[in-house]
Structure formats: structure tokens, C-alpha cells
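Since the structure comes first, as C-alpha cells, the remarks are kept for the end.
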Amino acid sequence: MIDKFKVLDIVKDALEGSDKFLVSMKITPDNRIFVDIDGDNGINIDDCIELSRTIENQLDRDEEDFELNVSSAGADAPLKMPRQYRRQIGRDLVVDTFEGKSHEGTLTDCDEQQFTIRIKGTKKIAPQVLTFNYADVRSARVVLSFK
């Protein structure tokens with residue numbers, strides 16, 4: 001099986017000094033490598049191609065065959081890292097907690113431990129501000145708007 005730490009080192013070295021960062025990486029027992037990246041200013045197809053070529057050039061297919069998939073975290077993918085939240089300030093999120101509650105509101109602030117959303121009020125519910133620790137959130141997704 002492909003050495004996960006070797007691939008991780010290749011990815012970290014390739015992204016070091018850029019605004020790009022690793023979101024997740026998975027290697028299956030049949031040597032399928034999945035790498036998801038993001039960037040403070042977004043990701044484009046050329047970023048994925050460049051990282052894919054870098055990884056491929058540093059692994060030896062004669063030693064061990066593999067399949068490589070490098071992609072952006074995706075607009076509809078859950079946010080996984082505090083660094084991803086920073087770029088989304090001002091956008092609406094749907095936050096699902098481990099308690100089984102779901103909240104939708106505008107991301108107003110975030111740091112390395114927590115983030116805050118502002119929930120608009122309705123006739124029956126007053127507006128509120130909720131702060132979540134990342135560890136207490138099952139998932140948080142950006143609400144895609146096609147206005």
C-alpha cells in the first residue's frame with residue numbers, strides 16, 4: 001500500500017508558501033489516493049493539475065501502481081478547517097450539531113476554536129447570535145445562492 005506519510009509530505013511541500021492548503025487526504029487499500037485542497041483565494045483546475053503532477057512525479061508506478069484524484073474541497077462540501085471558515089465570512093451557513101439541531105445564519109466571525117453565526121429573526125423568533133466550537137459541530141455547509 002502507498003505510504004500515506006510520504007504522500008502527505010509531498011503535498012505539504014508542494015503547497016508550502018502558497019495560499020493553498022490540504023483539507024483531507026485518503027488512501028484506500030487498493031491504492032486509490034484522494035486529495036482535497038482549498039485556498040484562501042479559492043482553487044482552480046490548474047491548481048489541482050499542478051499538485052497532481054507533483055505527486056505523480058514523486059511516486060514510482062513501477063514500485064506500486066496507484067490511482068490519483070486531486071480536487072478542490074467543492075462549494076457544497078462541508079467546511080472542515082477554521083481556515084476555510086475565514087473565507088466564508090458574510091455568507092450563509094447551515095450548521096448541524098451533534099445534538100441533532102440545525103441552524104441557518106450568516107457567518108460573522110471565526111477563530112481557531114470557534115465561529116459565530118447571526119440568525120435572522122422572524123415574526124415568531126427573535127434574531128440571535130450563536131457561537132459554536134468546531135468540535136461541537138457535525139457539519140457546516142455554505143448555502144449556495146443562485147441570485
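Please treat every number below as a calculation from the coordinates, not as lab data. Treat the numbers as computed from the prediction; the structure is a model and nothing was measured. Cβ: placed from backbone, ideal geometry, glycine included. Neighbour counts: every protein chain shown.
Expressed as a rounded percentage, what relative contact order does the chain have, with Cα pairs under 8 Å and six or more residues apart? Present the calculation step by step, with values, prior to reporting the outcome.
Working: 246 pairs, mean separation 27.0, N = 147.
Averaging sequence separation for qualifying contacts and normalising by length gives 18 percent for the chain.
Give the angle, between 0 and 90 degrees and rounded to the nearest 10, that separates the Cα long axis of helix 4-15 from the longest principal axis of the Cα atoms of the chain.
On a 0 to 90 degree scale, this one is about 70.
Subtracting the Cα-Cα distance from 0.36 nm times the residue separation, let me have the gained length for S145 to H103 in nm, one decimal.
Details: separation 42, 0.36 × 42 = 15.12 nm, distance 1.69 nm.
Between S145 and H103, full extension yields 13.4 nm more.
If we count every other residue with Cβ under 15 angstrom of A73's Cβ, Lys/Arg +1 and Asp/Glu -1, where does the sum land? Don't skip to the end; give the middle numbers.
Numbers: positive: K20, K26, K80, R83, R86, R87, R91, R141; negative: D19, D36, D38, D40, D47, D76.
The answer is +2.
For K124 paired with T54, estimate the spin-label separation in nm (one decimal), with each label point 7 Å from Cα along the Cα-to-Cβ line.
5.2 nm
If you line up the long axis of helix 45-58 against the longest principal axis of the chain, both from Cα atoms, how many degrees apart are they, to the nearest 10?
40 degrees
Using a Gaussian network model of the chain with C-alpha springs under 10 Å, which one of K20, K123, K12 is most mobile by mean-square fluctuation?
Its mean-square fluctuation being the largest, the pick is K123.
If I model a spin label as a point 7 Å beyond the Cα along the Cα-Cβ vector, how far apart are those points for K6 and D46 in nm?
3.1 nm
What full-extension length gain, to one decimal in nm, is calculated for F34 and T131 as 0.36 nm per residue of separation minus the Cα-Cα distance? Working shown, then result.
Details: separation 97, 0.36 × 97 = 34.92 nm, distance 3.20 nm.
Taking 0.36 nm per residue and subtracting the Cα distance, the gain is 31.7 nm.
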